[in-house]
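Below is one structure, written out as structure tokens, with a few remarks after it.
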Amino acid sequence: MEKVKLLLIFILTGILLFSCHTGSQSGIVRIYPDSVLNDVSNHPVGINLDFFMDGGRFPQAGRTVTGAVGDMGMRFLRYPGGEKSDLYLFSKPPYEKAQPGMARSGGLEDYPDMITKDLDFIYDPLDFDEYIAICHATHAEPVVVVAADYYLIPLKKGQWVTPREKLIQHAAEWVRYANIKKKYGVRYWMIGNESWNSNNKNSSAGIYASDVIEFSKAMKEVDSTILIIANGSGDEFFKTVLNKAGDYIDRLTVSNYGVYNFYRGYATYRDTSQILIWPAISAINAMNTFASPAQLKKLKMIVAEYGSIDWAGLWHGSNDMGHAIVTFDMTGQLLLQPEIEFSCFWNTRWIENESKPPRDHDALDKDGNLNPTGRALSIWGNFLGGRMVKSDTTGKIISYASFDPTSHTLFAYLVHKGDQSENIVLRIDDRKIKKVQKVWEFFGTSPEDPRPVWQQVQPVKNGNSFTLKGTSITVIKMKVGI
């Protein structure tokens with residue numbers, strides 16, 4: 001009942017303000033600058049890096065990862081990535097320099113052509129110091145995942161894993177290196193990646209909760225100011241972790257892959273309203289249900305990974321305009337949630353980055369250029385006011401808005417899911433548009449277009465009427481006044 005109630009609130013407060021009538025070719029978009037839905041002044045838009053791919057994998061790339069991530073406006077950078085975090089050690093004793101190594105020799109089947117038989121890296125990896133340099137150059141917050149899982153997996157003859165006590169020691173020494181020796185001031189520390197995942201064989205929620213306690217104790221003994229983040233999925237897993245280890249946790253994290261029922265591919269999304277962040281909503285509900293009142297005073301939710309990947313296999317994951325629109329909409333829905341501290345898109349480049357066509361989960365190509373989903377993410381990264389405010393509309397248009405009350409700058413984000421152009425009129429509640437400063441549009445010839453166009457267009461002088469192209473995202477920057 002609580003989950004249903006939360007979903008109803010989610011809809012009624014304007015997070016999905018879309019109706020399915022298809023006959024109208026015009027509409028009104030209303031924005032309410034004084035109706036604040038969420039404070040986003042911490043710029044909670046981030047991305048996962050890939051230590052396999054973002055170091056020396058593409059030495060001739062036209063643009064560096066630092067340049068690409070900076071241009072995208074990403075303010076939270078997760079490292080060394082997702083599941084591969086649990087095979088990664090940042091260094092080895094005496095932990096005096098960043099020197100990536102392997103945490104195990106078993107369970108490496110998902111990383112072909114990345115690791116030699118002798119467990120060396122085929123390509124120069126992105127080490128921890130290089131990662132921090134990217135964070136500093138882009139003014140981004142580092143988010144670190146320590147290896148904590150897979151020490152119980154079944155092994156073949158001759159294989160090995162780093163035992164639990166050594167993983168705990170490694171995590172504590174990483175905190176010492178980062179914040180005591182190097183003075184990096186890393187705040188966010190995640191204990192393992194997706195520890196609930198079936199890949200983490202022979203483990204359980206109870207085992208993970210015990211691990212979180214011991215990791216937290218060891219790491220906070222080195223630096224008591226860090227934030228310990230535990231992951232989870234599903235009510236029972238979160239319940240066990242919170243009931244057993246909640247006093248040792250500062251944040252919770254979840255992976256948000258909300259595309260599961262697109263039976264007709266993009267057409268399902270186009271023709272229906274979709275809650276794209278149901279995994280995050282479920283996790284928030286679990287946090288509010290199972291955490292104690294004292295724990296709730298400090299807990300927030302972090303979305304460690306998200307994107308338009310369809311794990312049900314119903315919608316092919318090409319990097320095209322349709323996936324860009326879904327990525328943009330998913331990000332907008334996440335930005336409207338006050339209990340989410342920040343979210344990180346998955347990812348810069350996965351190990352099959354050079355495959356054709358590019359996959360929807362890669363923001364960048366091998367040359368550092370933005371793929372369509374990367375462009376969609378960069379719109380939020382570069383055009384975001386300090387507050388998400390209420391907005392509503394009708395038809396095949398989805399609207400979001402953000403507002404900076406100090407400069408009176410208002411951003412309207414208009415997603416046109418349909419394939420025909422549509423005229424809209426913008427109405428600002430209790431205010432008037434003093435000037436339309438700039439307008440950008442991102443559009444494709446179809447949802448399957450792998451090369452959509454991003455361009456700035458000339459705004460109508462002092463006007464509030466706009467033509468939205470089909471299958472597009474339009475951003476309008478305005479000055480508003482009383």
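Throughout, read-outs are computed from the coordinates displayed, never taken from laboratory work. Because the structure is a prediction, the values reported are computed rather than measured. Neighbour counts run over all protein chains shown; Cβ positions are idealised from the backbone, glycine included.
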Semi-axes in Å, largest first, for segment 48-157 (Cα gyration tensor, √(5λ)) are 26, 15, 13
Rounded to whole Hz and in sequence order, give me ³J(HN,Hα) for segment 40-48 from the Karplus expression 6.51 cos²θ - 1.76 cosθ + 1.60, θ = phi - 60°, writing x for Gly and Pro. 10, 5, 7, 6, x, 10, x, 8, 7
Over the chain, the sum of -39500 (n - 2.57) across DSSP H runs of at least four, divided by residue number and rounded to 500 deg cm²/dmol, gives at 222 nm -7500 deg cm²/dmol
Once you keep just the Cα pairs under 8 angstrom separated by 6 or more residues, what percentage relative contact order results for the chain? 21 percent
Can you give me the P(r) profile for segment 50-99? Cα pairs, bins 5 angstrom wide beginning at 0, each as a whole percent. 4, 16, 20, 22, 21, 12, 4, 1
Listed peptides 334-340, 45-51, 105-111, 300-306 by packing density, highest first (mean Cβ within 10 Å): 45-51, 300-306, 334-340, 105-111
Provide Rg over Rh for segment 45-384; use the alpha carbon set for both Rg and the Kirkwood Rh (inverse mean inverse pair distance). 0.94
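Test of understanding: ordering Asp392, Asp367 by Cβ neighbours within 10 Å, fewest first, what list do you get? Provide the component values of the computation, followed by the final result.
Details: Asp392 17, Asp367 11.
Exposure proxy ranking, most exposed first: Asp367, Asp392.
For segment 121-270, state the semi-axes of the equivalent ellipsoid (square roots of 5 times the eigenvalues of the alpha-carbon gyration tensor), sorted largest first and rounded to whole angstrom.
Computed over segment 121-270, the values are 27, 22, 19 Å.
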For segment 382-476, state what percent of all Cα-Cα pairs lands in each successive 10 Å bin, counting from 0 Å until the bin that includes the largest distance. 15, 50, 30, 5, 0
At a Cα cut-off below 25 Å, give the lysines reachable from Lys220, other chains included and same-chain residues fewer than 8 away excluded. Lys84, Lys92, Lys97, Lys166, Lys181, Lys182, Lys183, Lys239, Lys244, Lys297, Lys298, Lys300
Can you compute the charge dipole magnitude of the chain about its Cα centre, using +1 on each Lys and Arg Cβ and -1 on each Asp and Glu Cβ, nothing else charged? Give it in debye, rounded to the nearest 20. 1180 debye
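Kindly put Phe443, Phe90 in sequence by how many other C-beta atoms sit within 10 Å of each C-beta, fewest to most. Working shown, then result.
Details: Phe443 21, Phe90 26.
With the sparsest Cβ surroundings first, the list reads Phe443, Phe90.
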One quarter of the C-alpha convex hull surface, i.e. the mean projected area of segment 407-446 in nm², amounts to 3.8 nm²
Whole angstrom only: what separates the Cα centroid of segment 431-461 from the Cα centroid of segment 154-182? 49 Å
